[in-house]
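Below is one structure, written out as structure tokens; comments come after it.
The values are calculated or read from the model by the stated rules, or taken from the named source; none is laboratory data. Note that the structure is a prediction, hence the values are computed from the model and not measured. Note: ideal-geometry Cβ built from the backbone for every residue, glycine included; neighbour counts use all protein chains shown.
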Amino acid sequence: MEFVATCPKGFEKLLAEELASFRIPQVRQLRGQVAFGGELADAYRACLWSRLASRILLVLARVGARDADALYEGIQSVDWSGHLAPGATFVIDSHGTNDNLRNTQFVALRSKDAISDQLFSARGMRPVVNTDAPDVTIDVRLSRDRATVAIDLTGEPLFHRGYDSRSARKVAPLRADYAAMVLAAGRWYRNVRHGAPVLAALWAGQGAVLVEAAGEALDRAPGLLRARWGFEGWAGHDADAWDALLEEADERATAGEKNSLALYASDTRPGAEAACRGALRAAGLDCELTFAPAAEVLDAARAAGDDALVTCDLSWLAEDDLALEASALTALSAAAGQNLAALVRDAAVDAAVQAGPAEVFDIIQGKEPAFVRCFDAVPGEAAPEPAFVKIAGGERVPVLVPASDQFAARLAKVAKLRAKWARREDVSCYRVYDADLPDYAVAIELYEGSETPGRWLQVSEYAAPKEIDADLARRRLMDVLAIAPRVMGVDPANVNLRVRTRARGGSQYADEGSAAGATQAAGEFSRMRGQRADARNRHKPSLTDLPRGAHLIDEGGLTFEVNFSARLDCGIFLDHRDTRAEVREMMKQTLGSKRFLNLFAYTGAATCYAADGGAKYTTTVDLSRPSLDWARRNMARNGFTGPEHEFVQADVIEWVNEQRHTRNRWDLVFCDVPTFSNSQRMKKSSWDVQRDHSELIIGVSRLLTRNGCAIFSCNLRGFKPDIEALSKAGVVLEDITASTIPEDFKRNSKIHHAYIVRRG
């Protein structure tokens, strides 16, 4: 008889080894499956004991499938009376397509017709299709012009073990077969044979690795407690052979209860410990579990020597969870020199354990590529010593680069000084570190919540020069992300990373032209669509409701909304703290109509300061609708609402040119321009501050009242105003940059340039 064990991509080698260990003959690796021969009892054994297979299929025939007619004839060539008993229900499980059979549902339909027609001719009645709980599942797999027809002996996939927790969804689950694959890759079976196996599971999640490891150590068949099998309704089922295997499995499970096993687990995610213990109980495994911090778990594994296997699952980390990844990798660095099997998305774990993997398995998890990277134990004397840095309180933080102790010391020093300054100046959000050490070229800003309590770090990485080794730069960054939250007392989950480019300065407006991108970036309130509903059953967000992921901070006696997950910039530029304060003071001293204009307004922070300084009328202009909505919320949250506060969505350059031909004039204008923009919504093909600033400044000067003035600002490091062109147009520029750079930005005097603009 011919059988096939299906499996996820990358499992084939280990699945073949597993089946061979069951003394199953004729094992052959294929793509996404392993073929084997033998008797029906061999297939039953694979069903009962395999931890890696998804399904076990009994191959009935390989038939032509060039088109629908060929498929129909091929499936009719099988004698179905020997597989479907009278009254038995069935379903077709179809996989694959070809040039003529392009729909799996059609393949299933044509296959069903072939079987039904044959049995109707033989019995005078058609078998019933049952998609929910069929007696027999028939598997049809197309490959080019051929189809493999088989009986699915399993029913539900074998990785449905029944112990996963439905109440712990906050903890990312790991499928049972993937957990077993990590163990198989780490050669857990060798530890089991030694008689005193020790498993140390880092980021254990819902406990799948613990259950699979314990099941193998205690000789418990993974399918022993399974309630229903696909072969039970099949006409060819050999009940005696199955009962004999069950009896053998029961005896082995009873004897295995005496086996020695030590389980250690660690996971900082809420609910993880409860989920792990619940999974063991649900699986019927009476095992003692020690749940402890990662360092203690790894110490226990190290003490056990070669009998221990360390596993870790970092596949749950999102692509942008670099701070969490850094924390996880630095903790994992203490596993250097131990037997380790890690399920990861990239090779960063290699740097953490200071070694190259002994074996790597390329797999697909979900729809994304992943790896199981395996490291062999190194004798104690030769094992690399993990690097640590000490921070305040004596805490030791594992690092990937030993020189990171210099960064830790520098950050601790400047953080202490900045904290004293912040308390003295009543500042709650400020820059802590700004590339103080050239090798650690990041900027770190601390944000303290007001009405929404919390502390957040924003880490901005300056792009490393091309001559710097990219791997070394990444390891340094990971150390920064591991050290900074511990020094600053911030949860690693509240650390956010962005990459900046020094060359051109940054532009918060670079992507504002994309409507789809802008909507996604700002976390804009969703619009109510569809049919009208009863108003009592609908909630329309108010102007002071917080979008998802947003927090509130205080600055200068005002409250502002920030959001670290929604866009490149969080909603407020801290380097303009003093500039905004200057706007308020200038507005207080302004006589007359007290009209204020904010161009390239972003989230309207300067408008709030102007209104607080007594502006009677404000106009806030930006190309981005989400930014304007954000500005409205900031104004409303500070009590500035009404028709006297106008918000205009427009191409600022075009709008300024239009306003020159009207009678609209303003007493004070704030214009913080982007460095560069090529938004498709701009009338011009692009905006470049160095190239185009004089035209804009001249236009802004024409919108000023007789005694009015403007503040012009940009963040291009090498910006040089065209004094000659401006003078010819009657514009006077006064450089006020030095007075607008806050104390926490003094290391970076070119963080922005600021000028007072007046008409001569």
Can you list the strands (runs of 3 or more DSSP E) found entirely within the range 388-481 that contain at least 2 residues being farther than 24 Å from Pro293 by Cα and not aromatic (Phe, Trp, Tyr)?
429-434, 442-448, 455-462
Residue by residue through the range 727-747, note down the ones that are without any contact (Cβ under 8 Å) to a residue 40 or more places away in the chain, out of contact with any helix residue (DSSP H, G or I) (no Cβ under 9 Å at 6 or more places or on another chain) and either more than 21 Å from Met586 (Cβ to Cβ) or among the acidic types (Asp, Glu) (or both).
Ser727, Lys728, Glu734, Asp735, Lys746
Residue hits (the range 74-128; farther than 29 Å from Asp238 by Cβ, touching a strand residue (DSSP E or B) at 6+ places or on another chain (Cβ under 6 Å) and part of a helix (DSSP H, G or I)) are Thr104, Val107
Going through the range 709-736 in order, the residues found to be touching a Ser or Thr at 6+ places or on another chain (Cβ under 8 Å) and of a type outside the set (D, E, K, R) are Ala710, Ile711, Ser713, Cys714, Asn715, Leu716, Pro721, Ala725, Leu726, Ala729, Gly730, Val731
For Ser593, only one of the following conditions fails: (1) crowded, with 17+ Cβ neighbours inside 10 Å; (2) within 20 Å of Arg759 (Cβ to Cβ); (3) touching a residue at least 60 places away in the same chain (Cβ under 8 Å). What is its number?
(1)
Could you tell me whether Gly64 is in contact (Cβ under 8 Å) with a residue 40 or more places away in the chain and in contact with a Lys or Arg (Cβ under 7 Å, 6 or more places away or on another chain)?
yes
Quick check on my filter: what residues within the range 253-267 are among the charged types (D, E, K, R) and buried (at least 19 other Cβ atoms within 10 Å of the Cβ)?
Asp267
Can you tell me which of Ser450, Ser460 is hydroxyl-bearing (Ser, Thr, Tyr), touching a residue at least 60 places away in the same chain (Cβ under 8 Å) and either surrounded by 16 or more Cβ atoms within 10 Å (Cβ to Cβ) or closer than 25 Å to Asp578 by Cβ (or both)?
Ser450
Of residues in the range 391-439 being within 24 Å of Leu558 (Cβ to Cβ) and of a type in the set (Lys, Arg), the one nearest to the chain's Cα centre (by Cα):
Arg431
Near pairs, Cβ below 9 angstrom, 6+ apart or cross-chain, from the range 126-146 (touching a residue at least 60 places away in the same chain (Cβ under 8 Å) and within 12 Å of Leu101 (Cβ to Cβ)) to any residue that is part of a loop (DSSP other than H, G, I, E, B) and among the β-branched types (Val, Ile, Thr):
Leu142/Thr97
Could you check the range 424-455 and list, in sequence order, the residues that are under 16 Å from Lys413 (Cβ atoms) and either not assigned by TED's automatic domain parsing to the domain that holds Leu472 or not β-branched (Val, Ile, Thr) (or both)?
Tyr430, Arg431, Tyr433, Asp434, Ala435, Asp436, Leu437, Tyr440, Leu446
So Val59, is it surrounded by fewer than 21 Cβ atoms within 10 Å (Cβ to Cβ), among the β-branched types (Val, Ile, Thr) and assigned to a loop (DSSP other than H, G, I, E, B)
no
The residue that is surrounded by the most Cβ atoms within 10 Å (Cβ to Cβ), considering only those in the range 393-446 that are acidic (Asp, Glu) and free of Cβ contacts under 8 Å to residues at least 24 places away in the same chain, is Asp405
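Residue-by-condition table, conditions (1) more than 27 Å from Ser428 (Cα to Cα); (2) more than 36 Å from the chain's Cα centre (by Cα); (3) part of a strand (DSSP E or B):
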position	(1), (2), (3)
Glu658	yes, yes, no
His661	yes, yes, no
Asn664	yes, yes, no
Pro674	no, no, no
Gly699	yes, yes, no
Ile711	no, yes, yes
Leu733	yes, yes, yes
Arg747	no, no, no
Ile751	no, no, no
In the range 11-26, which residues are surrounded by fewer than 21 Cβ atoms within 10 Å (Cβ to Cβ) and in a loop (DSSP other than H, G, I, E, B)?
Phe22, Arg23, Pro25, Gln26
Residue under question is Ala484, and the condition is that it be assigned to a helix (DSSP H, G or I) and free of Cβ contacts under 8 Å to residues at least 12 places away in the same chain; does it hold?
no
Residue count, the range 707-740, condition closer than 30 Å to Tyr433 by Cα and buried (at least 22 other Cβ atoms within 10 Å of the Cβ), comes to 7
Exactly one of Arg252, Arg220, Arg228 is part of a helix (DSSP H, G or I) and basic (Lys, Arg), and that residue is Arg252
Within the range 273-304, track down each residue that is under 17 Å from Ala217 (Cβ atoms), small (Gly, Ala, Ser) and not in a loop (DSSP other than H, G, I, E, B).
Ala279, Ala300, Ala301, Ala304
Out of the residues in the range 129-144 that are surrounded by fewer than 18 Cβ atoms within 10 Å (Cβ to Cβ) and part of a strand (DSSP E or B), state the one that is farthest from the chain's Cα centre (by Cα).
Val129
As an exercise: evaluate Ala184 against (1) within 35 Å of the chain's Cα centre (by Cα); (2) surrounded by 16 or more Cβ atoms within 10 Å (Cβ to Cβ); (3) not in a helix (DSSP H, G or I) and give the number of the one condition it does not meet.
(3)
